[in-house]
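For reference, the structure is listed below as structure tokens.
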Amino acid sequence: MLFKTILVILLYVSGVLGQNGWGVTYAPETICGLKGSSVDMHCTYSYPTSYSVWETFWFIHWEANQEPDDLSLDPEYSDRVEYHGNRNNDCTFRIKQLRESDSKTYHFRFLTYNADGGYSGKPGVTLDVTALQVIMYPGTVTEGQSVTLTCSTSCTLTGRPAFTWYRDGSPLSFTTQTHQLTASSEDGGRYSCAVKGYEDLPSPVVVLTGLS
């Protein structure tokens, strides 16, 4: 058992093809996801042709001298994760209903029927989860003044999606993350934003008032 553990640790190296045919590749290695949405962690793996895979799983923590815990068995994740890979070379993993507490680094691991056949690839996928917030600058506005509205995130959303903006609940025509306008009395109201395709996950509202 100790011999197997030593071999497993030695095989926990950078996620590139090597180590006599063993490898895990993550693409991309960093993801920024929207709170409440889903993300797919794309991953491929390889191993010598003389081996056969019997178990695959993703994990976060790995304590010394013991196998890491399968994330799908963790009560915080069990009903929100899906393994979309297989036992050949695809290790794609999905996390749904993202929480800000999901901001961690995730690793894939597979085990084979051979005694020395366990492998985990570094560096893993680092996930950052962000909520949306409307930032209005300046905070106090008078009519005729230039105002910048930004649908702010704590990281750059993967895929650089378009945005939907709302004033008093009605959609506006612009789809960029930042929008500038010259304030008039018609622009007063409650502004919010959402990521295109996730309109059910809008930001809190910011009120533009004081215009006359």
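Can you name the residue in the stretch 114-144 that is more than 30 Å from THR49 (Cβ to Cβ) and aliphatic (A, V, I, L, M) and is also most open to solvent (accessible area, probe 1.4 Å) among such residues?
The extreme case among them is ILE135.
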The stretch 175-212, residues that are part of a loop (DSSP other than H, G, I, E, B), at pLDDT below 95 and in contact with a Leu (Cβ under 9 Å, 6 or more places away or on another chain): ALA183, SER184, GLY188
Just the residues that are more than 14 Å from the chain's Cα centre (by Cα), among the small types (Gly, Ala, Ser) and either surrounded by 14 or more Cβ atoms within 10 Å (Cβ to Cβ) or within 26 Å of THR49 (Cβ to Cβ) (or both), please, taken from the stretch 68-113. SER72, GLY85
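What residue, among those in the stretch 22-41 that are open to solvent by 40 Å² or more (accessible area, probe 1.4 Å) and more than 20 Å from VAL195 (Cβ to Cβ), is farthest from the chain's Cα centre (by Cα)?
Keep residues of the stretch 22-41 that are open to solvent by 40 Å² or more (accessible area, probe 1.4 Å), which gives 25, 27-30, 35, 38, 40.
Still in the list and also more than 20 Å from VAL195 (Cβ to Cβ): 25, 27, 29.
Numbers: THR25: 17, ALA27: 12, GLU29: 10 Å.
Restricting to residues being open to solvent by 40 Å² or more (accessible area, probe 1.4 Å) and more than 20 Å from VAL195 (Cβ to Cβ), the top hit is THR25.
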If you check ASP116, ASP187, ASP168, which single one turns out to be charged (D, E, K, R) and either within 30 Å of ASP40 (Cβ to Cβ) or without any contact (Cβ under 8 Å) to a residue 24 or more places away in the chain (or both)? ASP168
Can you tell me which residue in the stretch 42-59 is surrounded by the most Cβ atoms within 10 Å (Cβ to Cβ), limited to those that are touching a Ser or Thr at 6+ places or on another chain (Cβ under 7 Å) and farther than 15 Å from GLY117 by Cα? CYS43
Evaluate the stretch 145-159: report whether one residue or more is surrounded by fewer than 14 Cβ atoms within 10 Å (Cβ to Cβ) and within 29 Å of THR44 (Cβ to Cβ). yes
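Yes/no per residue for (1) surrounded by 14 or more Cβ atoms within 10 Å (Cβ to Cβ); (2) within 23 Å of the chain's Cα centre (by Cα):
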residue	(1), (2)
SER173	no, no
THR178	no, yes
GLU186	no, no
ALA194	yes, yes
TYR198	yes, yes
VAL205	yes, no
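The values are calculated or read from the model by the stated rules, or taken from the named source; none is laboratory data. Everything numeric here is computed off the predicted structure, so don't read it as measured data. Here Cβ is always computed from backbone atoms with ideal geometry, including for glycine, and neighbour counts include all displayed protein chains. These accessible areas exclude ligands, DNA and RNA; they are computed on the full protein's heavy atoms, side chains included. Shrake-Rupley method; radii C 1.70, N 1.55, O 1.52, S 1.80 Å.
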